[in-house]
1. Taking M208 as meeting all but one of (1) under 24 Å from T264 (Cα atoms); (2) of a type in the set (A, V, I, L, M); (3) not in a loop (DSSP other than H, G, I, E, B), write down the number of the exception.
2. Here are some conditions: (1) farther than 25 Å from M167 by Cα; (2) free of Cβ contacts under 8 Å to residues at least 40 places away in the same chain; (3) open to solvent by 40 Å² or more (accessible area, probe 1.4 Å); (4) not aromatic (F, W, Y). S293 meets all but one. Which one does it not meet?
3. Would you point out the residue of the stretch 305-324, among those that are of a type in the set (G, A, S) and under 21 Å from M360 (Cβ atoms), that is most open to solvent (accessible area, probe 1.4 Å)?
4. Across the stretch 205-238, which residue is surrounded by the most Cβ atoms within 10 Å (Cβ to Cβ) among those that are among the small types (G, A, S) and more than 29 Å from S179 (Cβ to Cβ)?
5. Looking at the stretch 227-237, can you tell me whether even one residue there is at pLDDT below 95 and basic (K, R)?
6. Can you find a residue that is in a loop (DSSP other than H, G, I, E, B) and either touching an Asp or Glu at 6+ places or on another chain (Cβ under 7 Å) or modelled with pLDDT under 95 (or both) anywhere in the stretch 319-329?
7. Quick check: is even one residue across the stretch 274-290 closer than 30 Å to K409 by Cα, buried (at least 18 other Cβ atoms within 10 Å of the Cβ) and among the small types (G, A, S)?
Amino acid sequence: MEDKLIITVCARPELYDTPPNYDACKTSRASKRAFLTSVKRPCLYPIQGVTVVPLRSSLIPGVLSSDDSHREVTNCCMTESLYNTVFLSVFHLPLIHPVHVISNTGEGEAELTLTSSSLESLNAVLATISYTSTIYHVHTADLVSFCFKNHEAMFPIVIRQPQLPVMFNMGTGKFNINSQVTITIKTFLRYNNLKVLLSSIRSFYPDMTVIIADDSFEPEKITGENIRQYFMPPAQGWFAGRNLAVSQVTTKYFLWADDDFLFTKDTKIEKLVEVMEAHPELDVVGRNQFYFSLEYDEGEETEGGCLYRKSKGRFNALPGYPQCFMTSGVVNFFLARTDSVQKSRFDPLLQRVAHSEWFMDGLGSLMVASCGGVSIRHQQKTNSNLYNKYRTPSGNSEATFKYQLHFFKNHLKCIKFG
């Protein structure tokens, strides 16, 4: 047990310094960096980037006065504008100015006023001012008003509970795709297609773990190395199966594939992993064949918004990868970060056809790219009559249900497809 712990601890620095863990941390730290006003102003204060932990005292960086045009008594005040408290922490005045007296009112309160006849002493005290929120919240913000003589300004403070990092064991030494990716499949009444797909997967990735969610009426056990099959109650639907399959993934990434796909020499999972590792902000990357953009207008609160889905819609190219571009969604074959499903779950109410819905629910939280150079084939259609009955039920009941779901769940007044 002790040896395993030592191995784990020794491997951890390498994993943490490997993108995206290190890059994500670096990006996060850059966004938290405090930016100050220009030194040409009569007083300096942070304009963004001040982040504090809830209920914990934190110094407010960069608050000082740069105006030494006169020596009369100078006032400086700080006031909170929401429900939190600015207070003065323990400080020591510079011994070289023992005759300059600092007086303060409001220590430990929501308003703090400092008065001094010495600019240098005033700045010495300002450097020790700290902020503490008084109500616990994992992610909120406050506005602080800072005034100096006739100048007044406001700056934001972000109150955020730091999250524990979640790292996946990528293995040590030589790159091993099998320790990074799990293939996930949802199957229903198409065992012949499933077996052809699995055979094609094993031709190129003989040791990769495959997870199958199966809601067929008469389950058939699929055997083989590194194959895990989970049986569901019959006809639970596509997204319910996706949730089950992805919930069992233990690798950093999962590759989604339909049960009637066929791997070829151009199904290069490694290329998709390379893109994801180079761009840790991405959640999903798919093939450059079926993709779409989404535009959402919130509209009035009482009426709801409008959603516009544009087939082949795309945005800017992905830096460093000219064959890739940003988009809003991809269809049925993609590599995703396992922890990204926590941002937008697969709605189990969607049982049959749902190519866009996960990305609709994830709009604003999922970062999606589509890339060329990676492809997968479809097998010839050999669906049974029973399968077709569930896949394309008669009438427009399925489409009507989806529209009703979107209009209610997403608070929409219109949906447009183009």
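The values are calculated or read from the model by the stated rules, or taken from the named source; none is laboratory data. Everything quoted here is computed from the prediction, not taken from an experiment. Glycine also receives a Cβ, built like all others from the backbone with ideal geometry; neighbour counts cover every protein chain displayed. Areas reflect the complete protein model, heavy atoms only, side chains present, ligands, DNA and RNA absent. Shrake-Rupley method; radii C 1.70, N 1.55, O 1.52, S 1.80 Å.
1. (3)
2. (3)
3. If we take residues in the stretch 305-324 being of a type in the set (G, A, S) and under 21 Å from M360 (Cβ atoms), then S311 is most open to solvent (accessible area, probe 1.4 Å).
4. G237
5. no
6. no
7. Checked against the condition, which is being closer than 30 Å to K409 by Cα, buried (at least 18 other Cβ atoms within 10 Å of the Cβ) and among the small types (G, A, S), the stretch 274-290 yields at least one hit.
So that you can scan it fast, the table gives a plain yes or no per residue for (1) closer than 30 Å to Y191 by Cα; (2) surrounded by 14 or more Cβ atoms within 10 Å (Cβ to Cβ):
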residue	(1), (2)
W358	yes, yes
S370	yes, yes
T382	yes, no
N388	yes, no
T392	yes, no
N396	yes, no
Q404	no, no
K409	no, no
L412	no, yes
